[in-house]
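First the structure, in the form of C-alpha cells, and then the observations on it.
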Amino acid sequence: MSIQRIPHKIFALALIAYLCLVYFPFTLARAAAGQDYIHGDSVYYRAMIASLLEDGDLLLANNISGNPLDGQLALGSAGLVPKHPILMPVVSLPFYALFGAHGLLLFNVLDSVALMLLIFALNALFFESWLACATTILYATGTLFLDYTYNYSPDIFATVLVLAGLYLVLTKRWYSGALLLGLSVFAKTPNALLAGPIMVYGFFAVWRENAQLPAASRLARIAAVAACFVLALLPFLYTNNVLFGSPFVTGYQRAAVAGANGQVMIDDHVAKFNQPLLRGVVQSLFDAQNGILPSNPVLLLALPGALWIGSSTRRKQLVLVLLLCVAQFLFFAKYDDWRASHFSNRFLMTSVALSSVFVANALRVLAGRVTTQPE
C-alpha cells in the first residue's frame, strides 16, 4: 500500500501515539529534574484558581508571594484583581481541584496535544494526510511547542481556540467557529486582531455558499453567525464590567504599580507599543534568545512555502492564514515587552502554529522536485 492510500484516521492515531510517547516522558523528565513548570505569567493564572477555590473571589493580593504592585495585578473596583484573562483558570480549575498542582501540568500537556491535532487537521485541509502528519511532527518537536509543553501556558490555550475556530470556519461550520473565536478573545485580548479577519472571511463565505437564497436570507444567516460571535464575547464583557466597572476595560489597561511614595498607580499596557517597526521586525526574527527563527529554524521553510501558494486550489484560504501570521507578527513587533518569554517568543505562538501550512507547502514542492529528478 502506498503512503497516499493510508486512511486519514491512521495518521491521526499515529500522531496521537507519537505525541504521548514524546510529551509525557518529556514532562516527567523535567519534573524529575526538579524544574518548576510554573513561571512567568503562569504564577498569576494559578493564583486565580487558588483564590476562587480558597477565598471564593478574585482578589489576588493574598494569593501571591511576590510584590502585588509589580504590574502583574490590576486595580479593580474592589481591589487588586487579575490583570490576565480568567478563562483558562476557569476551564482548568477542575484539573487543579482533582489533582492539585500536577493537574495544571496535565491540563497543559493535553492542551498541547490538542494543538498539535489542530495543526494536523488544518494542514490536512490543504495537503495529503501523510504530509500533514509529517509537518505536525516537525512542529511538535522542532519548535517552541516542545518547550512550552512543560508549562501552564495561556498562549497554548489561546492558540488552541484560534486554530479550532479557524478550522471550523474553513470547514463551513460557521456557528461553532464563531463561538470559539469569540472565546479566543476572552482568552487573550489581542486575538481580536485574528478573530476579526476570520469572521469577515466567514461572512463572505456564508454569502457565497448560499447564493441560491434571496439576499435577505443570506444576510440573516450572516447575522446569525455574527450573533454567535457576540454571544461568546458576553462572558468577557461581563467579567470586565464586574472587575473594572466597564465591559470595555481590561486588566491590561489598569496594571497596578507602586508610585514613588508607595501609592498605587496605573500602568496602561496599551501605551507599551513603542518599538520602531523595522527594529522590532529584525529583533523578533533574529534575536539570539527570543528571535522566532533561531528558536524555530523550521520556519525558514515558511517563506518559500508562502511564495508557492499560487498553484493551490485553496489559495484564498491560504492567503487568509498568511494575513493572520503577518498581522500578529507586526502587532507584537511594536511591543515594548516582546522579550517577556522564558524561551522563544510566546506572543507569536499562534503565528508559528499557522505557519505550518507554508512549511508543509514548501515540503510538498521540494518533495515533488526531488521525485521528478532524472535518475
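Amide H to amide H, with H built 1.01 Å from N, Leu80 comes under 5 Å of Leu60, Ala61, counting only residues 5 or more places away or on other chains. Cross-link partners for Lys83 among the lysines, with Cα-Cα distance under 29 Å and sequence neighbours closer than 8 places in the same chain left out: Lys188, Lys272, Lys334. Net charge dipole, the stretch 249-339: roughly 420 debye, given to the nearest 20, about the Cα centre with Cβ charges of +1 for Lys and Arg and -1 for Asp and Glu.
Using the Kirkwood radius over Cα pairs, work out the Stokes-Einstein diffusion coefficient for the stretch 113-194 at 25 °C and 0.890 mPa s, in µm²/s as a whole number.
Values: Rh = 13.2 Å.
In µm²/s, the coefficient is 186.
Estimated from helical segments only, the mean residue ellipticity of the chain at 222 nm is -20500 deg cm²/dmol, where each DSSP H run of four or more residues counts as -39500 (n - 2.57). Backbone phi angles across the stretch 34-47, fed through the Karplus curve with coefficients 6.51, -1.76 and 1.60 (θ = phi - 60°), yield HN-Hα couplings of x, 6, 8, 8, 9, 8, x, 5, 4, 4, 7, 5, 5, 4 Hz in residue order; Gly and Pro are listed as x.
Each Lys and Arg Cβ is given +1 and each Asp and Glu Cβ -1; about its Cα centre, the chain then shows a dipole of about 1360 debye.
Listed by chain and number, the aspartates and glutamates placed with their C-alpha closer than 16 angstrom to that of Lys172 are Glu209; residues fewer than eight positions away on the same chain are left out. Tell me, how many Å apart are the Cα centres for the stretch 58-119 and for the stretch 230-262? If you average the Cα positions of each part, the centres end up 16 Å apart.
Average accessible surface for the stretch 124-252: 37 Å² per residue, computed with a 1.4 Å probe over protein heavy atoms with every protein chain in place.
For the stretch 90-192, trypsin sites (Lys or Arg not before Pro) are listed when DSSP marks them as loop and at most 11 other Cβ atoms sit within 10 Å of their Cβ; the list is Lys172. Between Ala232, Ala271, Ser217, the Cα set farthest toward the positive side of the dipole of the stretch 204-323 (charges on each charged residue's Cβ, about the Cα centre) is that of Ser217.
Close amide H pairs (under 5 Å, H built 1.01 Å from N) link Val264 with Gly259, residues at least 5 positions away or on another chain.
Restriction of the trypsin sites (Lys or Arg not before Pro) in the stretch 301-354 to DSSP coil positions whose beta-carbon has at most 15 other beta-carbons within 10 angstrom yields Arg314, Arg339.
Shown in residue order for the stretch 217-226 are the 3J(HN,Hα) couplings computed by the Karplus curve 6.51 cos²θ - 1.76 cosθ + 1.60 at θ = phi - 60°: 5, 5, 5, 5, 5, 4, 4, 5, 5, 4 Hz (x for Gly and Pro).
Averaged over residues, the count of other Cβ atoms within 10 Å places the peptides 53-60, 158-165 in the sequence 158-165, 53-60, highest first. For the chain, carbon and sulfur atoms together expose 67% of the accessible surface, with a 1.4 angstrom probe and every protein chain in place. The convex hull drawn around the Cα atoms of the stretch 41-165, when projected onto a plane and averaged over every direction, covers 8.8 nm².
Mean separation of Cα pairs under 8 Å and 6+ residues apart, divided by the residue count of the chain: what relative contact order is that in percent?
Details: 526 pairs, mean separation 68.2, N = 375.
For the chain, the relative contact order is 18 percent.
The dipole here belongs to the stretch 15-86: it is taken about the Cα centre, uses +1 on the Cβ of Lys and Arg and -1 on the Cβ of Asp and Glu, and is about 240 debye.
The values are calculated or read from the model by the stated rules, or taken from the named source; none is laboratory data. Owing to the predicted nature of the structure, the values given are computational and were not obtained by experimental measurement. Note that we place each Cβ from the backbone using ideal geometry, even for glycine, and neighbour counts take in every protein chain shown. Accessible surface areas use protein heavy atoms only, side chains included; no ligands, DNA or RNA. Shrake-Rupley method; radii C 1.70, N 1.55, O 1.52, S 1.80 Å.
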